[in-house]
1. Residues being under 24 Å from THR56 (Cα atoms) and within 13 Å of the chain's Cα centre (by Cα): count how many of those fall in segment 149-189.
2. Looking at GLY6, GLY77, GLY25, which one is in a loop (DSSP other than H, G, I, E, B), closer than 27 Å to GLN150 by Cβ and not acidic (Asp, Glu)?
3. Can you pull out every residue in segment 129-171 that is open to solvent by 40 Å² or more (accessible area, probe 1.4 Å) and of a type in the set (Gly, Ala, Ser)?
4. Hey, among ILE144, ILE194, ILE148, ILE140, which residue is over 22 Å from LYS27 (Cβ atoms), modelled with pLDDT of 85 or more and touching a Leu at 6+ places or on another chain (Cβ under 7 Å)?
5. Looking at the structure I just gave you, is ASN100 exposed (fewer than 14 other Cβ atoms within 10 Å of the Cβ) and either more than 19 Å from the chain's Cα centre (by Cα) or closer than 20 Å to VAL173 by Cα (or both)?
6. Do you know which residues across segment 47-70 are within 16 Å of ASN92 (Cβ to Cβ), of a type in the set (Ser, Thr, Tyr) and either in contact with a Ser or Thr (Cβ under 6 Å, 6 or more places away or on another chain) or open to solvent by 60 Å² or more (accessible area, probe 1.4 Å) (or both)?
Amino acid sequence: KINHHGKRAADIVKGMLEHSRNSSGEKVPTNINALADEYLKLAYQSQKAKDQSFNTTLETHFDPSLPKIEVIPQDIGRVILNLINNAFYAVNERSKNGENGYQPTVSVSSERLDSPSGVGGERGNGDFILITIKDNGIGIPDHIKDKIFQPFFTTKPTGQGIGLGLSLAYDIVEAHGGELKVETKEGEGSEFMIVLPV
């Protein structure tokens, strides 16, 4: 028990240090589609290594006309990785319920928007890029939806999550002048949207 809680405390401290660390990374022109695709494969291989029985359908819908945008690739990569890992967790939990005909699916897509809300004007030549990570997992109950971006808030069992992933993701996206939004329905799935300025 001492070992278990010691390790958990160490993880929390490490997470806090990363939370407060100002990224020394520089903004470079980045192909968001390639970045998202790379992290999707990385997350999937990592999940399979941890759990051989893990299985999900992966879908990608990338807009080929996206321009490169100036971001810190490691930081935006971490955000994407965290959201994909959460999606894998959500579909895995729903799989355990033994629902008939349930096919776990995680999709990653990108598109160009004219406004951060995705409305107004023609799509296709806009000033924002939208990256969407969608799953048909367990979803997030309404009463905790507003808390998920708070530090140390986690829906995972003790020892499985330290509650810094989403708050860190939120901070990183905000530092890039963007927005992180969520749409979710309990029992049906979640959709996380990263909006970044071009």
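The values are calculated or read from the model by the stated rules, or taken from the named source; none is laboratory data. These figures come from a predicted structure and were not determined experimentally. Every residue, glycine among them, receives a Cβ derived from its backbone with ideal geometry; neighbour counts consider all protein chains shown. Just the protein is used for accessible areas: all its heavy atoms, side chains included, with ligands, DNA and RNA removed. Shrake-Rupley method; radii C 1.70, N 1.55, O 1.52, S 1.80 Å.
1. 6
2. Going through GLY6, GLY77, GLY25 in turn, the sole match is GLY25.
3. Of everything in segment 129-171, just one residue is open to solvent by 40 Å² or more (accessible area, probe 1.4 Å) and of a type in the set (Gly, Ala, Ser), namely GLY159.
4. That would be ILE148, the only listed residue that is over 22 Å from LYS27 (Cβ atoms), modelled with pLDDT of 85 or more and touching a Leu at 6+ places or on another chain (Cβ under 7 Å).
5. It is true that ASN100 is exposed (fewer than 14 other Cβ atoms within 10 Å of the Cβ) and either more than 19 Å from the chain's Cα centre (by Cα) or closer than 20 Å to VAL173 by Cα (or both).
6. Within segment 47-70, SER53, THR57 meet the criteria.
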